[in-house]
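Data first, discussion second: the structure below is written as structure tokens.
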Amino acid sequence: MEIEKQIQLRPRFEKMVTKPVNAIKESAESLKSSKKPSYIINLLDDHIWIYIGNENKKTYSPHLHLELEALENGNTKVKGLFGPEPALWTMFMFLHFVVAGIFIIFGVFAYSNWSLGQPSGIHITIMLLMIIAWFSLYFTARSNRKKGMPQAHELEKVMEEMLGDG
């Protein structure tokens with residue numbers, strides 16, 4: 001896969017596999033113990049999560065979420081999503097909402113002061129700072145994704161081993 005070329009911070013993919021869902025789950029169960037402690041594999045219904053083990057985990061370490069969808073012909077459609085650790089992603093989303101909230105509030109203040117004929121330069125300055133903060137958050141997330149790319153390829157190899165027709 002060419003996840004490096006995707007613009008999204010959380011790259012997605014779909015893959016068709018000739019194994020049935022139950023065979024993939026059994027393969028995941030067997031890999032669960034053999035890959036420990038380097039990788040942590042969790043299963044719930046038709047979802048599989050693959051994490052980097054605690055010994056190699058960094059703040060930018062990705063995880064891989066796989067959703068298995070059974071097809072009528074006995075094959076399986078695998079939908080994958082690479083992403084940062086859920087706690088890190090939640091923090092980034094929280095920061096985005098804070099920045100957006102500050103931007104909106106000071107936009108309202110700037111408009112009110114402008115419509116009343118009062119100076120609104122400080123409000124516009126803060127709005128510009130929030131735009132810079134948005135870009136900073138985005139480029140920080142891109143940097144973390146780039147740092148985690150080697151580990152994403154490791155997760156991809158574990159997935160390929162799990163999905164392999166054998």
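The values are calculated or read from the model by the stated rules, or taken from the named source; none is laboratory data. It should be emphasised that the depicted structure is a prediction, and the values quoted were computed from it without experimental measurement. When we count neighbours, we look across all protein chains shown, and the Cβ atoms used for this are built from the backbone with ideal geometry, even at glycine. Only protein heavy atoms, including side chains, enter the accessible area calculation; ligands, DNA and RNA are left aside. Shrake-Rupley method; radii C 1.70, N 1.55, O 1.52, S 1.80 Å.
Of note:
- Out-of-range pairs (alpha-carbon distance over 28 Å; input 19/146; 32/147; 19/58; 36/79; 57/157): 19/146; 19/58
- In this rough spin-label picture, where each label sits 7 Å from Cα along the Cβ direction, the residue 160-residue 146 distance is 2.5 nm.
- For the chain, the Stokes-Einstein estimate of translational diffusion at 20 °C and a viscosity of 1.002 mPa s comes to 116 µm²/s, using the Kirkwood hydrodynamic radius over alpha-carbon pairs.
- Only alpha carbons enter this Debye calculation for the stretch 40-110, each as an equal point scatterer, and the log10 of I(q)/I(0) it gives at q = 0.12, 0.13, 0.23, 0.26 Å⁻¹ is -0.53, -0.59, -1.00, -1.11.
- Rolling a 1.4 Å probe over the protein heavy atoms gives the chain an accessible area of 60 Å² per residue.
- Exposed GluC sites (Glu not before Pro) absent - longest run of the chain, DSSP non-H/G/I/E/B, at most 15 other C-beta within 10 Å: 73-166
- Legend: translational diffusion of the stretch 95-142 by Stokes-Einstein, Rh = Kirkwood radius over C-alpha pairs, 20 °C, 1.002 mPa s; D = 193 µm²/s.
- Mean shadow area of the stretch 76-166 over all directions, Cα convex hull, nm²: 8.2
- Each of residue 114 and residue 12 was given a label point 7 Å from its Cα along the Cα-to-Cβ line. The distance between the two points is 3.6 nm.
- For trypsin sites (Lys or Arg not before Pro), the sites in the stretch 21-70 that DSSP calls loop and that have at most 14 other Cβ atoms within 10 Å are 57, 58.
- Gain on full stretching of the segment that runs from residue 71 to residue 42 - 0.36 nm per residue minus C-alpha separation: 8.2 nm
- FRET efficiency for residue 30 and residue 94, using Cβ-Cβ distance with R0 set to 35 Å, rounded to 0.05: 0.40
- Portion, in percent, of the accessible area of the stretch 25-155 that falls on carbon or sulfur, probe 1.4 Å: 65
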